[in-house]
Structure formats: C-alpha cells, structure tokens
Amino acid sequence: MTAEPSGTEGKTSTSTAPFTGVVLAGGRSRRLGRNKALEEVGGIPLVSRVTTVVESVASHLVVVVADEAQAGVLPTPDGATTVVDMRPGSGSLGGIFTGLTEAPTDWALVVACDMPFLNLELLTLMSGSREGVDIVIPVLDGWPEPTHAFYSKNCLSAMEESLNTGRLKITEFFASVTVKYLPQESIEAIDPEHWSFFNVNTADDLQRARTRHANLVAGLAK
C-alpha cells in the first residue's frame, strides 16, 4: 500500500513529531571477520559516527545489539539506551522490531551502525514526509532501503506476524501498512552519489570509507 503525505487541520503534524533514532548494531560482521561497529573511519568507530549524526536529529537514541557481551564493548553516547535483540536469529527485521518496540516515541528512524556518511538534509526530508503514512523509505535502482528508513509503531503488529511466521524479508509486511516511497530523483537532488546508503561489509568497503573520509577532510570530495 502506498500513500502520499497529507496535512490534518487542527492537529500536531506528524511530520514534525519527535522520533527515536534506532541504530542496528547486532550484526555478526561475518564478511569482515570482526566487529565492524568498532572499526574506525577518521579515528572514530563506525557506530560512533552513526550515533553522532542520529542523535543530532532524534529526541532519543536506542542501540540494538545481539547480546550483553556486544553491549559491553560498544561506545554509546550518554543518555542512549542499549537493548538486546528481542528476536535473535531474525536478522534486521528482529532488530527493527526491537528498536521500534523500545522507542519512547511513536516514530523511529532506523539505520545500520556501519553507514558512515549519513546525510542530515536527506534525513530531514524523510522526517518531513511522515504525514499520513506508517513508513518512509528511500528507493534506489528500484529497491527500497529498509535500514535507512522511518517506521511508526503502527508497523509493530505486522512486523510481529512476519517474525512469527518466519518471513524475515523486511519488505514482506509492507502490504499491511501504508508506505511512502521516497523516489530516487528526490534522493539524488541531495545525495547524487548515494553515499548516505554506503555501508561497510568488507575490508574493501572499509578502505573505501577511509579514503573518502580523507578526501572529504582534504576538500577533494563532495
């Protein structure tokens, strides 16, 4: 189900309502071979780069981890809530469900911990597109980006049904809620090279991130 945002007279606009930032940090980093959340880009752990951006726009911050051991080694900002995945073995859908359940607000911005180039202008555009829908999600090359999206608590029951029936592909439950798909042209007006969605899965990805950061610092990249 898709929808375009619409205003409601006499009510506080959903598009300006506070939201929680949910950072998914429970991945096993199998391709990298070590905890990628702790890998540094520009001398700062990936998870810290992400939480710094997210907490600048969110009213609360929730970090989802796989277990207590992982929670013990992650650097998180003061005031952040760290929670253990309620649905272990359920991939990103379980992490999103956990973070959204624990969010103290009706909405959550969900991002992965390995996205070092989040774009504040794009996040602001997405936040302002929440009116009248349950999800705001960017689409690139025809594919939604579910770990760079806004979800409302209206999604929880549909998420839980998908989890209970073993349908772990995040977009499986979208037919049960109202989704605003942010078109690629809107994204590229802000982020033409799609760096907002770049994530670190391999050693090569990590080197690319470090190279781009160095070029940004040197003024050689946009």
Looking at 123, 100 in this structure, which one is in a helix (DSSP H, G or I) and either free of Cβ contacts under 8 Å to residues at least 60 places away in the same chain or over 22 Å from residue 169 (Cα atoms) (or both)? 123
If residue 107 passes every condition in (1) surrounded by fewer than 20 Cβ atoms within 10 Å (Cβ to Cβ); (2) in contact with a Lys or Arg (Cβ under 7 Å, 6 or more places away or on another chain) but one, which one does it miss? (1)
Could you run through the stretch 12-38 and say how many residues are of a type outside the set (Gly, Ala, Ser), closer than 16 Å to residue 202 by Cα and surrounded by 24 or more Cβ atoms within 10 Å (Cβ to Cβ)? 1
I need a count of the residues in the stretch 144-169 that are assigned to a loop (DSSP other than H, G, I, E, B) and either loosely packed, with under 15 Cβ neighbours inside 10 Å or aliphatic (A, V, I, L, M) (or both). 5
Return yes or no: is residue 172 over 12 Å from the mean Cα position of the chain (by Cα), surrounded by 14 or more Cβ atoms within 10 Å (Cβ to Cβ) and farther than 26 Å from residue 55 by Cβ? yes
The stretch 39-54 - residue that is touching a helix residue (DSSP H, G or I) at 6+ places or on another chain (Cβ under 6 Å) and assigned to a strand (DSSP E or B) and, of those, farthest from residue 207 (Cα to Cα): 45
Pick from 189, 149, 203: which is farther than 14 Å from residue 119 by Cα and either among the aliphatic types (A, V, I, L, M) or in contact with a His (Cβ under 8 Å, 6 or more places away or on another chain) (or both)? 203
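If you go through the stretch 175-196 one residue at a time, how many are outside any loop (DSSP other than H, G, I, E, B) and either touching a helix residue (DSSP H, G or I) at 6+ places or on another chain (Cβ under 8 Å) or modelled with pLDDT under 95 (or both)? Quick ask: steps written out before the conclusion?
Restricting attention to the stretch 175-196, the residues satisfying the condition of being outside any loop (DSSP other than H, G, I, E, B) are 175-176, 179-182, 184-188, 195-196.
Subset that is either touching a helix residue (DSSP H, G or I) at 6+ places or on another chain (Cβ under 8 Å) or modelled with pLDDT under 95 (or both): 176, 182, 186-187, 195-196.
So the answer is 6.
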Might you let me know whether the stretch 198-212 holds any residue that is touching a Pro at 6+ places or on another chain (Cβ under 6 Å), buried (at least 17 other Cβ atoms within 10 Å of the Cβ) and in a helix (DSSP H, G or I)? yes
Is it true that residue 142 is out of contact with any Leu (no Cβ under 8 Å at 6 or more places or on another chain) and either farther than 21 Å from residue 108 by Cβ or of a type in the set (Phe, Trp, Tyr) (or both)? yes
Restricting the stretch 175-186 to residues that are exposed (fewer than 13 other Cβ atoms within 10 Å of the Cβ) and in contact (Cβ under 8 Å) with a residue 40 or more places away in the chain, the residue that is farthest from residue 113 (Cα to Cα): 175
I'd like the full set of residues that are in a loop (DSSP other than H, G, I, E, B) and either within 13 Å of the chain's Cα centre (by Cα) or buried (at least 20 other Cβ atoms within 10 Å of the Cβ) (or both), limited to the stretch 130-143. 130, 133, 134
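The values are calculated or read from the model by the stated rules, or taken from the named source; none is laboratory data. Keep in mind the model is a prediction, meaning the values are calculated, not measured. Positions of Cβ are generated from backbone atoms using ideal geometry, with glycine treated the same way; all protein chains shown enter the neighbour counts.
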